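None of the figures in this text is laboratory data; all of them are computed from the coordinates on show. Everything numeric in this text was worked out from a predicted model, so none of it was measured. When we count neighbours, we look across all protein chains shown, and the Cβ atoms used for this are built from the backbone with ideal geometry, even at glycine.
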Amino acid sequence: MEIDFREIFTAGMILFAVIDILGSIPIIVDLRSRVGKIQSEKASIVAACIMIAFLFVGESILSLIGIDVNSFAVAGAFVLFFIALEMILGISLYRDEEPKTASIVPLAFPLVAGPGVMTTVLALRAEYHTINIAIAIVLNIIVVYTVLKLSGTIERLIGSNGLGVIRKVFGVVLLAIAVKLFATNVKGLLG
């Protein structure tokens, strides 16, 4: 086990950008207004379990179907690229149908631990130690839980314009991460 605070910080910031919990506050507030109470604890625990499980068995599942981590990471770079474009340009390239309940689905999956996050977890695994990624996941889940609990207050404090700015800044960061992820892993495919 090699705990590296730089790796934890970097992986944590990447996951924070992909999860985009602050950008999801309008969705969370809308869900709360339509279905009542949101189960923050349950959603956070389930999202953490999904991410940790994918961190440890995701690679095995990929090898079972004959896909190496570099290929998955390159594919993940494309997914992150398009998520970043959505965040920066304020467009919607793909969204699931409107959720009817705020139980585990859609909060834990796909809002917090969606396909982009799972792709990112495996892509991070190609570059960082597993323990550091696991710690980054736990730290992000603490942030997710806090935001879910305080979503109404955060929305009032920051306002919709503030949330828009935060979303665009993290979109640019995510775009840079996608380019780096692509460049790093495409060498593994070609070399």
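Put simply, the C-alpha atoms of the range 1-98 give a gyration tensor, and the ellipsoid matching it has half-axes of 27, 19, 16 Å, longest first. The string of couplings for the range 74-82 from the Karplus curve (6.51, -1.76, 1.60, θ = phi - 60°) is 5, 4, x, 4, 5, 4, 4, 4, 6 Hz, one whole number per residue in order, with x for Gly and Pro. The Val165 and Lys42 beta-carbon pair, evaluated with R₀ = 30 Å, returns a calculated FRET efficiency of approximately 0.45. Using a cutoff of 8 angstrom between alpha carbon atoms and counting only pairs six or more residues apart, the relative contact order for the range 1-142 works out to 53 percent. For the chain, the Stokes-Einstein estimate of translational diffusion at 4 °C and a viscosity of 1.567 mPa s comes to 76 µm²/s, using the Kirkwood hydrodynamic radius over alpha-carbon pairs.
Quick check for the chain: number of Lys pairs with alpha-carbon distance under 27 Å, counting only pairs 8 or more apart or on different chains?
Close lysine pairs found across the chain: 7.
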